[in-house]
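Some notes on the structure that comes next.
Just so it is clear, none of the values below were taken in a lab; they were calculated from the coordinates. Given the structure is predicted, the values throughout are model-derived calculations rather than measurements. As a convention, Cβ positions derive from the backbone with ideal geometry for all residues, glycine included, and neighbour counts pool all protein chains shown.
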């Protein structure tokens, strides 16, 4: 059995309260995020992946706070709150309405591609 301790993979990015991290197991990536209220991934995702924004599907478990998932294909939105489990299809962005803690599970190949694209922007230092 493989075990990932979420607090051990999440790292602070800058001074604004953003924390991100991921680890792979079983062909999937497990991501742990802390998004401060007002965090909006749109510009970051656009810089990394263009107008499609995030091309990777994610299953989300929101453990604290609330966020809005917006889809690029039809501009629809879904609000997710603490206690919700949600699926974000490819072509989305996310914006935190409140300080939020989120766990995501995504295909490792897609997540690793996305993380490499984001790293190439220099956004995370």
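Quick notes on this one:
- Cα gyration tensor category, rounded, prolate or oblate, for region 6-121 with a/c compared to 1.5: rounded
- The calculated FRET efficiency for the pair residue 76 and residue 109, based on their C-beta separation and a Förster distance of 35 Å, comes to about 0.85.
- By the helix-only formula, in which each DSSP H run with n ≥ 4 contributes -39500 (n - 2.57) and the sum is divided by residues, the chain has a 222 nm mean residue ellipticity of -6000 deg cm²/dmol.
- Over region 6-121, relative contact order from alpha-carbon pairs under 8 Å, at least 6 apart, %: 31
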